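> Below is one structure. I have some questions about it.
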Amino acid sequence: MNDAGEAQLHLLDYWRILRLRASLVTLVLLVVMTTFGVTISFLPREYFSKVTMEVKPDKSGSIDVFGTAGRVFNDPTFVSTQFQILQRTEILYPVIESLGLVEAWKVDGRQMPLLDVYDKLVRKMDLREVRNTGLIEVGVYSTDPKEAALIANRIAVVYRDKRLADMKQNVDRGLGQLREEVEKQRKRVEEAAARMAEIRLRDAINDPDPESLNSTLSASDRNLVAMEQQLNEQRLVVTKLGGQLEQIAKMKPEELKEVLRTLNIEDQTVVKMVSSLQDAIADEARLRANGLGENHPRIRALSSQREVYARQLSESLETVRQSQKHKLEIETRTFDALKDKFTEAKAGQIQDKQKMGAYSDSKSQYLQSKKIFEAAQIKYSTELLERGIDFEPAKIWENAEAALRPSRPRILAYMSLALLLGLGMGVGLAFFIEYLDTSVKTVDDVEGYLQAPVLASIPRHFSSVPGAHPHSAEAEAFRILRTNLELRKPAPHANTCTLVSGGPGEGKSTTLHHLARVSAAGGSRVLVVDADLRRPRQHELFEQEKAPGLSDCLLGRASVDSVVRSTGHENLSFIASGELPDEALGILSSQRMVELVRALKGRYDLILFDSPPILGVSDGAVLAAQCEMAVMVVQYRRFPRSMLQRVRQAVLQAGGRLVGVVLNQVDGRHDDVYGYAEYHGYGAPAKERAKDGRKPVNSVASAPSSEDY
């Protein structure tokens, strides 16, 4: 909670500083804006024209002979690069020459150097990119709208022509490099073909197709391949027959039908015999199930029949086994023979391979070189076809036109900048001056530096004399002063008080006068003694004559009773300063003054002595020493704190008792914390103030001006 309160207080302090220095901030703002306005009025009016064109990456760069690049990537820096190119001398020098800008931009009849003209043209250019497109805008500022449009269009045309010329040059250079590469590859192919032919003749190699890599196989290679294939097939046959024979050896006669099916043999006799055997076995089982015995004729007939079928099938199965075994032996011998022949052929093939090695290498190099040569020829033909198609690296979509209204200076932007700059400078200057200002600004300043309480804060510019109305804010400020003065008395019988100040014009005399009137209006017997013998002021405030007065009494020319005057205000008396001869300047420090103070103490409840500035003459220190109380009057935001500390030290060194400080001429409009009564509704009631002929006060009442002090 404390932190929040302190932060709020700081913000209020900043706001008060701005309110206090509002006139300075306004003055700086007006000066800056006026300066900007005058400057803008003298600036030349410039017109803006722009040309819009599309820029594309140049495809006429290096040529990929074998097509390995494949993809084309977008360059994120392409547009930025074109911006830089548009500002180079290769583009702008031709523009300057074609438009005669050296002659057109003469200064006082003298031509500028070409480089100066170039720099001036660059400063006039404004290049922009249209986001997410390949479009760029080339703009030019000029005091002549037609000149701006003409220069912008010329820059675009020169840039486009330059890009086209560069592209054509790149195309010609790329095709030339590709043509040279094709010729080099042709020579490599011819050299490889010559080496291959030489080896073929030397080693008597028969190559029916020199243009095919497969034809390099010799007769022995092809024969070996065929024999190996035949050997593999024979191995499969032998393996298959062996498996079938092993399966047949495990079968029973009644399974002869399955054997024939395995061997893919269709023998209807055997099939019928197997069926008859199966039927006989089934009939015999059926009859036995019906209760026929072993010796029954039908049982015996079926058993004999079954035995005959079984014997015949067993013989047939054995015949099949022998036939399959004999077939396996024949295929095995055939396999062994093929295997021997393959071994012999393989030995011959190794000898042929040694002879074909050099030829195969030369033929492989020849065919590879030929393939590269053919690819280069195809690429060259393709590039010729593609480069023959028209391509625009830069296309103008919108030509520049003469502007109807000037684009620069941007008055609204400049004046907005002036407003911000003026406010910033004004606020900065206000805070800087506030930082340098060491005068008293707050009650805390007074109490912190002077080590004395603030008895009252008197507002600036009184609208009426205090006491004119009992509930006025002005009277309330002095009632607060009177009350605090009573509370700060060093003793109950202490009733002599002097108001001191460091320098003239701090409102000491006027403050004393109004305090006296308010105190008298409260019922106290009050005497005002104008002890400022050098520059008296109280007689003017009371509208009376200056003499006779205090000086006459102290010089023995008049009695005390004769110099005490009535003021027309109840309970309020007054002793003027009187005429002071030059030879009696130190009269306040005389014994007569001590006796006068002692004589007056018993007659009044409060005696107020108006004194000269304590730092100017010695009279102020004398009065502070003779009075029981001293009140320092400090003008708000006037003198530095060091001076106020010297005033305090002067009072204390003279033996006086400083009971408090009056902070005078507080500007309640800016420092509203001092106007407590008015701001919190404790001033005069609205009805009573209306009856008094004054408007209700909604802010701090004004205090006397500096002339009244």
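> Run the simple label-point estimate for Q451 and L12 please: 7 Å along Cα→C-beta, distance reported in nm.
Once both label points are built, they end up 2.9 nm from each other.
> Given 0.36 nm per residue, what is the gain on full extension from Q653 to T35 after removing their alpha carbon distance, in nm? The partial results should precede the final answer.
On the way: separation 618, 0.36 × 618 = 222.48 nm, distance 5.49 nm.
Between Q653 and T35, full extension yields an extra 217.0 nm.
> In the structure shown, do any of K106/K168; K162/K184; K56/K124; K162/K371 have a Cα-Cα gap over 31 Å, and if so which?
Working: K106/K168 37 Å; K162/K184 33 Å; K56/K124 25 Å; K162/K371 39 Å.
Beyond 31 Å: K106/K168; K162/K184; K162/K371.
> Oh, and also: Counting Lys and Arg as +1 and Asp and Glu as -1, what is the net charge of the other residues whose Cβ lies under 12 Å from the Cβ of N290? Walk me through the intermediate numbers first.
Details: positive: R286, R288, R298; negative: D283, E284.
Combined, the nearby Lys, Arg, Asp and Glu give +1.
> I'm a student and want to see the number: the projected area of the Cα convex hull of region 13-52, averaged over all directions, in nm².
That works out to 5.2 nm².
> A further question on this structure: R0 = 41 Å: FRET efficiency of H296 with E318, Cβ-based, nearest 0.05?
On the way: r = 33 Å, r/R0 = 0.80.
Efficiency, from the Cβ-Cβ distance: 0.80.
> Run the quick spin-label model on V560 and K601: label points 7 Å from Cα toward the beta carbon, then report their separation in nm to one decimal.
Here the answer is 1.1 nm between the modelled labels.
> Sorted by packing (mean other beta-carbon atoms within 10 Å per residue), highest first, where do 505-514, 542-551 land? Spell out each step's value before the answer.
Values: 505-514: 25.8, 542-551: 18.9.
The packing order, highest mean first, is 505-514, 542-551.
> Using a Förster distance of 25 Å, how high is the FRET efficiency between M415 and S23, based on the Cβ-Cβ distance and rounded to 0.05?
After rounding, the FRET efficiency stands at 0.70.
None of the figures in this text is laboratory data; all of them are computed from the coordinates on show. The structure displayed is predicted, hence computed values, not measured ones. Glycine gets a Cβ as well: all are built from the backbone with ideal geometry, and neighbour counts include every protein chain shown.
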